[in-house]
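S.K.: Encoded as structure tokens, here's the structure I'll be asking about.
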């Protein structure tokens, strides 16, 4: 079973990304289409089906699926995906197996992003890989010997909800000072906006109602003090969170991805400065902090690996 | 190989505890002697040798060793044990294998405390067990499917050095606001002493120079406001730290041991209150927080299991 192809699909709230890959992880084809989540469950399922059908003319042996949703990876049931309205509790695995008569392997997108980076990206098949994605929230994944750490109840790797500062801002989860509440792009935008409203001088002041991480990044590149300070605060918080995770788990490699990671050294310099202050001396020089390299198809690669491994390949 | 006996020994800075056990974990004999660490390396090795020799009249198949030291469990080398002066870098496994012509299995005491609780204590062979010990420092151990999580460089499970409060007190490790720096008996004593020095009324004021966790506990039981407040603060910090660890790792069971855990509900009530505030809703009611039950022979039991498993038993 090493000469077939797999279909891998990453179902996000905005886009469906998919690929047809061989067992070595080479893309034969790839595609990205809008999810159209606002049109409801049936339309999303129809879009997913179309994408997969497109690849079915080839000799496909399995389907790997990443979904932006809490889920039970064994049963394949997704639970109340926040960005896929109408799905509520839905057996995605059974739906696809029934539709395409192929084995389906499924996991959530953050875990499969980490698995993709482990397989073909910065993770380099490390024995223990810890991955975080910094975007509108903080996603996480822990890969141990090529397996996803699911925890006892499927919540393993929820790194966005470790406490960074017990007196910090309220998080969506109800806790105070979570990693996610203090390091996301939402926090960055709010920080910049608050400072602008206090009268801070910045080239960003004309964009106060339309701030994006990209605009703030571009201002930082131009030397804007407020934008640089925003990334310094985010980076410091990321450094605190990563040092806690690394001191607890002692991974071989740490991979940092997600939208904000595109800021590169503007983010990573303060991350590394704070991380080095807080990580245990015995491992300080032995832990590699790396930027993710696979970009938007990382979870597709992870989903492909999941399917390939499920079919007995992937060694 | 299920009918032999193993010797298990726990080498601490103060006492050497040891037992002779069958493959089911039943003690045939047990012993506890002073380590006499202050008399130096040769005296400690002589005490260890005497304890083991004492059991060698039986049909022993292996030796399990817990040491209060950073170590390489494969090679059996201990590195600069802080409470065993003179050892510096020493191959404990080679020393004992050479002396007794038996296979020796070794790990650090915090990991084997966790493994002991997993095998015969509150851990009940959980798929994922997270254990912390609260004493002069915070020890930790993560047991995954009966195996110790060592991390990539032997530092896995150093839960004492996750950050609880980035602006908190300086820790011995050089970081600020570590779990250990804010939840240990050292912190409790310092807190009480500082408050007494500020003139706080308490039945502890006559013991200001001789405060111990036990005295503070007894005062709390008698209703002393300051003593209760001390445990409330420690418990709150433990709750913050545990919630971070649980949100990241999603264990099945959490076991809390060590000297301070003897305070029982006086410690655990604030632990649980803060933990429940901060742990993710999806697992809040599914994670069991338990007190350790094995007491001072927990690491001996862990060392016994390590040896038994090494010899092909322990299923």
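The values are calculated or read from the model by the stated rules, or taken from the named source; none is laboratory data. Please read these numbers as outputs of a predicted model, since none were measured by experiment. Backbone-built Cβ (ideal geometry, glycine too); neighbour counts: all protein chains shown.
S.K.: Suppose the filter is more than 14 Å from chain B (Cβ to nearest Cβ) and at pLDDT 95 or above; does residue A:184 pass it?
M.R.: Against the criterion (more than 14 Å from chain B (Cβ to nearest Cβ) and at pLDDT 95 or above), residue A:184 does not qualify.
S.K.: A follow-up question, please. Restrict the check to the range A:182-193 and report whether at least one residue is part of a loop (DSSP other than H, G, I, E, B), closer than 30 Å to residue B:149 by Cα and under 22 Å from the mean Cα position of the chain (by Cα).
M.R.: Yes, the conditions are met somewhere in the range A:182-193.
S.K.: Consider residue A:86 carefully, then state whether it is assigned to a loop (DSSP other than H, G, I, E, B) and more than 9 Å from chain B (Cβ to nearest Cβ).
M.R.: yes
S.K.: Just checking, how many residues over the range B:135-148 are outside any loop (DSSP other than H, G, I, E, B), more than 9 Å from every other protein chain (Cβ to nearest Cβ) and either surrounded by 22 or more Cβ atoms within 10 Å (Cβ to Cβ) or in contact with a helix residue (DSSP H, G or I) (Cβ under 8 Å, 6 or more places away or on another chain) (or both)?
M.R.: Final tally of qualifying residues: 5.
S.K.: Let me ask something else. Please determine whether any residue of the range B:117-129 is within 14 Å of chain A (Cβ to nearest Cβ), assigned to a helix (DSSP H, G or I) and in contact with a strand residue (DSSP E or B) (Cβ under 7 Å, 6 or more places away or on another chain).
M.R.: There is at least one residue in the range B:117-129 that is within 14 Å of chain A (Cβ to nearest Cβ), assigned to a helix (DSSP H, G or I) and in contact with a strand residue (DSSP E or B) (Cβ under 7 Å, 6 or more places away or on another chain).
S.K.: Of B:130, B:96, B:102, which residue is within 15 Å of the chain's Cα centre (by Cα) and modelled with pLDDT of 95 or more?
M.R.: B:130
S.K.: Shifting gears a bit: Which of (1) modelled with pLDDT of 95 or more; (2) within 14 Å of another protein chain (Cβ to nearest Cβ); (3) surrounded by fewer than 24 Cβ atoms within 10 Å (Cβ to Cβ) does residue B:221 not meet, given it meets every other one?
M.R.: So residue B:221 meets the others, but not (2).
S.K.: Would you call residue B:112 within 14 Å of the chain's Cα centre (by Cα) and either without any contact (Cβ under 8 Å) to a residue 12 or more places away in the chain or buried (at least 22 other Cβ atoms within 10 Å of the Cβ) (or both)?
M.R.: Yes: the conditions hold for residue B:112.
S.K.: If a residue must be without any contact (Cβ under 8 Å) to a residue 60 or more places away in the chain, crowded, with 23+ Cβ neighbours inside 10 Å and touching a helix residue (DSSP H, G or I) at 6+ places or on another chain (Cβ under 6 Å), how many such residues does the range A:172-182 contain?
M.R.: The number of residues fulfilling the criteria is 4.
S.K.: Based on what the data block shows, is residue B:261 more than 8 Å from chain A (Cβ to nearest Cβ) and under 29 Å from residue B:145 (Cα atoms)?
M.R.: Taking the combined requirement at face value, the residue satisfies it.
S.K.: Shifting gears a bit: Can you pull out every residue in the range B:230-251 that is under 14 Å from residue A:163 (Cα atoms), out of contact with any strand residue (DSSP E or B) (no Cβ under 7 Å at 6 or more places or on another chain) and in contact (Cβ under 8 Å) with a residue 24 or more places away in the chain?
M.R.: B:236, B:237, B:239, B:241, B:247
S.K.: If you go through the range A:259-268 one residue at a time, do you hit one that is within 22 Å of the chain's Cα centre (by Cα), part of a loop (DSSP other than H, G, I, E, B) and free of Cβ contacts under 8 Å to residues at least 40 places away in the same chain?
M.R.: Scanning the range A:259-268 turns up at least one residue that is within 22 Å of the chain's Cα centre (by Cα), part of a loop (DSSP other than H, G, I, E, B) and free of Cβ contacts under 8 Å to residues at least 40 places away in the same chain.
S.K.: Answer yes if at least one residue in the range B:283-292 is in contact with a strand residue (DSSP E or B) (Cβ under 9 Å, 6 or more places away or on another chain) and modelled with pLDDT under 90, and no otherwise.
M.R.: Yes, the conditions are met somewhere in the range B:283-292.
S.K.: Scan the range B:236-244 and tell me whether some residue there is within 12 Å of another protein chain (Cβ to nearest Cβ), assigned to a helix (DSSP H, G or I) and over 25 Å from the mean Cα position of the chain (by Cα).
M.R.: No, every residue in the range B:236-244 fails to be within 12 Å of another protein chain (Cβ to nearest Cβ), assigned to a helix (DSSP H, G or I) and over 25 Å from the mean Cα position of the chain (by Cα).
S.K.: OK, next. Being more than 26 Å from residue A:288 (Cα to Cα), more than 11 Å from chain A (Cβ to nearest Cβ), touching a helix residue (DSSP H, G or I) at 6+ places or on another chain (Cβ under 9 Å) and touching a residue at least 40 places away in the same chain (Cβ under 8 Å): is that true of residue B:204 here?
M.R.: no
S.K.: Within 12 Å of another protein chain (Cβ to nearest Cβ), at pLDDT 95 or above and not in a strand (DSSP E or B): which single residue out of A:174, A:151, A:156 fits that description?
M.R.: A:151
S.K.: Can we say residue B:165 is within 14 Å of another protein chain (Cβ to nearest Cβ) and outside any helix (DSSP H, G or I)?
M.R.: Spelling it out, residue B:165 is indeed within 14 Å of another protein chain (Cβ to nearest Cβ) and outside any helix (DSSP H, G or I).
S.K.: I need the full set of residues from the range A:3-30 which are touching a strand residue (DSSP E or B) at 6+ places or on another chain (Cβ under 9 Å) and not in a strand (DSSP E or B), in order please.
M.R.: A:3, A:4, A:12, A:14, A:23
S.K.: For residue B:233, which of the numbered conditions (1) buried (at least 19 other Cβ atoms within 10 Å of the Cβ); (2) assigned to a helix (DSSP H, G or I); (3) at pLDDT 95 or above fails to hold?
M.R.: Of everything listed in (1) buried (at least 19 other Cβ atoms within 10 Å of the Cβ); (2) assigned to a helix (DSSP H, G or I); (3) at pLDDT 95 or above, residue B:233 misses just condition (1).
Per-residue answers, yes or no, for (1) within 14 Å of chain B (Cβ to nearest Cβ); (2) on the phi > 0 side of the Ramachandran plot; (3) buried (at least 17 other Cβ atoms within 10 Å of the Cβ):
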{"site": "A:273", "(1), (2), (3)": "yes, no, no"}
{"site": "A:276", "(1), (2), (3)": "yes, no, no"}
{"site": "A:284", "(1), (2), (3)": "yes, no, no"}
{"site": "A:287", "(1), (2), (3)": "yes, no, yes"}
{"site": "A:297", "(1), (2), (3)": "no, no, yes"}
{"site": "A:300", "(1), (2), (3)": "no, no, yes"}
{"site": "A:304", "(1), (2), (3)": "no, no, yes"}
{"site": "A:307", "(1), (2), (3)": "no, no, yes"}
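S.K.: May I pose another question? Any idea which of A:132, A:128 is surrounded by fewer than 24 Cβ atoms within 10 Å (Cβ to Cβ) and in contact (Cβ under 8 Å) with a residue 12 or more places away in the chain?
M.R.: A:128
S.K.: Looking for whichever is in contact (Cβ under 8 Å) with a residue 12 or more places away in the chain, crowded, with 22+ Cβ neighbours inside 10 Å and farther than 19 Å from residue B:149 by Cβ here; the options are B:104, B:89. Which one fits?
M.R.: Among B:104, B:89, only B:104 is in contact (Cβ under 8 Å) with a residue 12 or more places away in the chain, crowded, with 22+ Cβ neighbours inside 10 Å and farther than 19 Å from residue B:149 by Cβ.
S.K.: Kindly list the number of the only condition in (1) assigned to a helix (DSSP H, G or I); (2) in contact (Cβ under 8 Å) with a residue 60 or more places away in the chain; (3) within 14 Å of chain B (Cβ to nearest Cβ) that fails for residue A:254.
M.R.: Here residue A:254 clears every test but (1).
S.K.: A further question on this structure: When the residues of the range B:59-83 are narrowed to those that are assigned to a strand (DSSP E or B) and touching a residue at least 60 places away in the same chain (Cβ under 8 Å), which ends up farthest from residue B:9 (Cα to Cα)?
M.R.: Among those residues, the one meeting the criterion is B:72.
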